[in-house]
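S.K.: The structure that follows is given in the form of structure tokens.
What follows is calculated from the coordinates using simple rules that are stated; it is not laboratory data. The shown structure was predicted, so the numbers you read here are calculated from the model rather than taken from an experiment. Glycine also receives a Cβ, built like all others from the backbone with ideal geometry; neighbour counts cover every protein chain displayed.
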Amino acid sequence: MNCRSKWIQVDFIKGSRTFANSCRAYIILCGATGFLLVGLSSYVGEDLIPGLSSEQIVFIPQGVVMCFYGIAGLFLGLYLWCTAFRNVGGGYNLFDKRRGVSFIFRWGFPGENRRICIRLVLKDVEAAGSESREGFYPRQIIYLKVRGRQNIPLTRIGEGLTLGDMEEKAAEPARFPRVSIEGF
């Protein structure tokens, strides 16, 4: 979703609050709960999950390992729920021609520096670029090249974009401050 006028352009960035992340967190929590209950069933000697017999599972070592995986899975699932709830990585890119500035804002992990805000002068922006890497872990990023700084990413890393979509998305931040596009 984008908002654009003659002087201001705002591009909203999706964070970790997606349907896929919620599904992953739910599946991991359910699986981890099952592992933990089966491990505890082997310790107690009673079936804590109806219809699932744990008579053949010996507590040491199988039950202990299942409890360990259950606890680790619960921590991982809760971590994914917390990042989705707090929308880590979400934010916006704001370009203001009237004041000649750009703000890149993202929500980070909870703590002292949760709000990540980068203020740039539009005159320092040299180009908008793209980086595309294929292979086992493909990566497509659109970034701003700023004088005297590292490249600043404008899109999410896990965002699956086609080459046409990348070109179109890179053209938007390049067109507004009237800079060139690199990487195509």
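S.K.: Could you go through region 83-100 in sequence order and give the Karplus-derived ³J(HN,Hα) for each residue, using 6.51 cos²θ - 1.76 cosθ + 1.60 with θ = phi - 60°, rounded to whole Hz, and x for Gly and Pro?
M.R.: Per-residue couplings from phi come out as 5, 5, 5, 8, 6, 4, x, x, x, 7, 10, 10, 10, 10, 6, 4, 8, x Hz.
S.K.: What residue among Asn151, Asn21, Asn113 shows peak mean-square fluctuation when the chain is described by a Gaussian network model with Cα springs under 10 Å?
M.R.: Asn113
S.K.: Also, I was wondering about something else. Can you list residues from other chains, or at least 5 along the same chain, whose modelled amide H is less than 5 Å from the amide H of Ala127?
M.R.: Those lying under 5 Å, H to H, from Ala127 are Lys145.
S.K.: Rg over Rh of region 20-86, using C-alpha atoms and the Kirkwood radius, what does it come to?
M.R.: 1.08
S.K.: Summing -39500 (n - 2.57) over the DSSP H runs of n ≥ 4 in the chain and dividing by its residue number, what mean residue ellipticity at 222 nm do you reach, to the nearest 500 deg cm²/dmol?
M.R.: Helices in the chain give a 222 nm mean residue ellipticity of -11500 deg cm²/dmol.
S.K.: Straight-line reach from Lys145: which aspartates and glutamates have a Cα under 18 Å away, not including same-chain ones fewer than 8 places off?
M.R.: Lys145 reaches Asp11, Asp96, Asp124, Glu126, Glu131, Glu167, Glu168, Glu172, Glu182.
S.K.: For the chain, what is the convex hull (Cα atoms) projected area averaged across all directions, in square nanometres?
M.R.: Here the figure is 14.7 nm², rounded to one decimal.
S.K.: Using 0.36 nm per residue of separation minus the Cα-Cα distance, give me the extension gain between Val10 and Cys117 in nm, one decimal.
M.R.: Difference between extended and current length: 37.1 nm.
S.K.: Loop by DSSP (not H, G, I, E, B), at most 12 other beta-carbon atoms within 10 Å: where is the longest site-free stretch of the chain for GluC sites (Glu not before Pro)?
M.R.: 56-111
S.K.: Taking H placed 1.01 Å from N in the peptide plane, check which residues at least 5 places from Gly90 or on another chain put their amide H under 5 Å from its amide H.
M.R.: Gly15, Ser16, Trp107
S.K.: Could you give me the ³J(HN,Hα) list for region 8-13, computed from phi with Karplus coefficients 6.51, -1.76, 1.60 and θ = phi - 60°, whole Hz, x at Gly and Pro?
M.R.: 10, 10, 10, 10, 8, 10
S.K.: List the residues whose amide H sits under 5 Å from the amide H of Leu154, counting only those 5 or more places along or on another chain, with H placed 1.01 Å from N in the peptide plane.
M.R.: Placed amide hydrogens put Ile142, Tyr143, Leu144 under 5 Å from Leu154.
S.K.: Short version: ³J(HN,Hα) in whole Hz for each residue of region 169-179, in order, from phi by Karplus 6.51 cos²θ - 1.76 cosθ + 1.60 (θ = phi - 60°), x for Gly and Pro, what are they?
M.R.: Calculated HN-Hα couplings, in order: 5, 6, 6, 4, x, 7, 6, 5, x, 6, 10 Hz.
S.K.: Something else now. Roughly how big is the chain's charge dipole about its Cα centre, with Cβ charges of +1 (Lys, Arg) and -1 (Asp, Glu), in debye to the nearest 20?
M.R.: Result for the chain is approximately 1380 debye, rounded to the nearest 20.
S.K.: What is the spin-label model distance, in nm, from Asn2 to Phe103 if the labels are put 7 Å beyond Cα along the C-beta direction?
M.R.: Rounded to a tenth, the inter-label distance reads 2.0 nm.
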